[in-house]
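Q: Sharing a structure with you now.
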Amino acid sequence: MSGKVVLPGGEKVPALGIGTWMMGERAAARKDETESVRLGVELGLRLVDTAEMYGEGACESFLGEVLAGLRDKVFLVSKVYPQNASRAGVVAACERSLKRLKTDHLDLYLLHWRGGVPLAETVIGFEHLKSQGKIRHWGVSNFDTDDMLELWDTPGGDACAVNQVLYNLTRRGPEFDLLPWLEENEVPLMAYSPIEQGRIKTAGVLAEIAAKHGVKPFQVALAWVLRSPNNIVIPKASRPEHMRENAGARDIRLDADDFAALDKAFPPPGRKRALEML
């Protein structure tokens, strides 16, 4: 693994970043979450993902405080609600996110999922934000192959920089046709919930491979998603010790036997499945 993923246009971003869903919502967790995110940035996990949906802005406000003094070190990603993704709505939503995040620009702004607004309107809004310097790149989230094809048929739609989807060992559906399409069109996949929010089955094969490498099962699951140079991975870690473990997944080198054993335990899809969402 190079540790970097190349965006369309050539910019390199960290392959392993930080997810923040449900952060900043509980006062009791705030100290640990703050330390965890700041540690992650220190350890090189310098892509931070959030959304206006997370706590209805609470997560963005939390990050605005946590990233004080660190903003220039971070590739910052946020997402717009589909109902806010009209030509003018996306601009207004972005302004609100920027205010909460205490920054003058986003590095990447994503449409959170498909809604009723025509893609052409959203693309125009995104491109306007780019022209104003409010965002540097834009992309989508939870788009299946047919959605990507429709986006590519939309004027300016092929400027999409990333597609963020649910992808992990137990959710391998995207491998059937979405991942090959993204790779062919040089659009990175951003994998959210890469360890199924901690629910991935760690007994059995994952535990055996972890013991072989002297690491933890969750780290093996992360290393598996990181195996492709086209994949950006954004696990959440609410405590510093978990952030250190996530960072350690970058150093794991799975071999052919490991991949074969994981394929047997978590079979790849044999047919098309609708894209799953959390």
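Q: In percent, how large is the relative contact order of segment 123-179, given Cα pairs closer than 8 Å and 6 or more residues apart? Don't jump to the answer; show the numbers that get you there.
A: Working: 42 pairs, mean separation 20.2, N = 57.
Relative contact order comes out at 35 percent.
Q: Would you kindly derive the ³J(HN,Hα) couplings of segment 196-210 from the backbone phi angles with the Karplus curve 6.51 cos²θ - 1.76 cosθ + 1.60 (θ = phi - 60°), listing them in order in whole Hz, with x for Gly and Pro?
A: Going residue by residue, I get 6, 6, x, 9, 5, 5, 9, 6, x, 4, 4, 5, 5, 5, 4 Hz, with x marking Gly and Pro.
Q: Calculate the all-directions average of the projected area of segment 170-225's alpha-carbon convex hull, and give it in nm².
A: 4.3 nm²
Q: With no solvent and one point per C-alpha, what does the Debye sum give as log10 I(q)/I(0) for segment 13-265 at q = 0.07, 0.14 Å⁻¹?
A: -0.23, -0.93
Q: In addition: Given a 10 angstrom Cα cut-off, can you work out which residue in Thr50, Thr34, Thr154 is the most mobile in a GNM of the chain?
A: Maximum fluctuation in the GNM of the chain, among the listed residues, is at Thr154.
Q: In whole Hz and in residue order, list the ³J(HN,Hα) couplings for segment 50-66 that follow from phi through the Karplus curve 6.51 cos²θ - 1.76 cosθ + 1.60, θ = phi - 60°; x for Gly and Pro.
A: Working through the residues one at a time gives 8, 6, 5, 5, 5, x, 6, x, 5, 5, 4, 5, 4, 5, x, 7, 5 Hz.
Q: Something else: Taking H as built 1.01 Å from N, whose amide H comes closer than 5 Å to the amide H of Ile135, not counting residues under 5 places away?
A: Residues meeting the criterion, in which the H sits 1.01 Å from N, are Leu106, Lys130.
Q: What does the charge add up to near Gly198, with Lys and Arg as +1, Asp and Glu as -1, over the other residues with Cβ less than 13 Å from its Cβ?
A: Once positives and negatives cancel, what remains is +3.
Q: Report the local net charge at Arg114: Lys and Arg +1, Asp and Glu -1, summed over other residues whose C-beta lies under 11 Å from its C-beta.
A: That sum, taken over residues with Cβ under 11 Å, equals -4.
Q: Below 8 Å between Cα atoms, with a sequence gap of 6+, how large is the relative contact order for segment 13-265 in percent? Before the final figure, lay out the partial values.
A: Details: 460 pairs, mean separation 53.3, N = 253.
Across segment 13-265, relative contact order equals 21 percent.
Q: Then there's this: Could you work out, for segment 113-248, what percent of all Cα-Cα pairs fall into each 5 Å distance bin, beginning at 0 Å and stopping at the bin that holds the largest distance?
A: 2, 9, 18, 18, 16, 13, 10, 7, 4, 2, 0
Q: ³J(HN,Hα) across segment 9-22 via Karplus (A = 6.51, B = -1.76, C = 1.60, θ = phi - 60°), whole Hz, x for Gly/Pro?
A: x, x, 5, 9, 10, x, 5, 10, x, 10, x, 9, 4, 6
Q: Evaluate E = 1/(1 + (r/R0)^6) for Glu184 and Gln132, where r is the Cβ-Cβ distance and R0 equals 45 Å; express this FRET efficiency to the nearest 0.05. Show your work: numbers first, answer last.
A: Values: r = 32 Å, r/R0 = 0.70.
It comes to 0.90.
Q: OK, next. So who's got an amide H within less than 5 Å of the one on Phe75, skipping anything under 5 residues away but keeping other chains? H placed 1.01 Å off N, in plane.
A: HN-HN under 5 Å from Phe75: Leu47, Val48.
Q: Which residue, Ala27, Ala191, Ala15, has the most motion in a Gaussian network model of the chain that connects Cα atoms within less than 10 Å?
A: Among Ala27, Ala191, Ala15, the largest GNM mean-square fluctuation belongs to Ala27.
Q: Find the centroid of the Cα atoms in segment 3-25 and in segment 71-99, then give the distance between the two in whole Å.
A: 16 Å
Q: What ranking of Met277, Met190, Met53, Met243 emerges when the number of other C-beta atoms within 10 Å of each C-beta is taken as an exposure proxy, fewest first?
A: In increasing order of surrounding Cβ atoms, one gets Met277, Met53, Met243, Met190.
Q: What residues of segment 1-34 lie in the reach of a label at Asp251, counting those whose backbone N is under 20 Å from a point 7 Å from the Cα along Cα→Cβ?
A: 1-4, 14-18
Q: Which residue, Gly24, Gly89, Gly198, has the most motion in a Gaussian network model of the chain that connects Cα atoms within less than 10 Å?
A: Highest fluctuation among the options: Gly198.
Q: Need one number: the % of Cα-Cα pairs in segment 1-104 sitting beyond the 23 Å mark.
A: 29 percent
Taken together, the values in this text are just the output of simple stated rules run on the coordinates, not laboratory data. This structure is a prediction, so every number in the text was calculated from the model and none was measured. Glycine also receives a Cβ, built like all others from the backbone with ideal geometry; neighbour counts cover every protein chain displayed.
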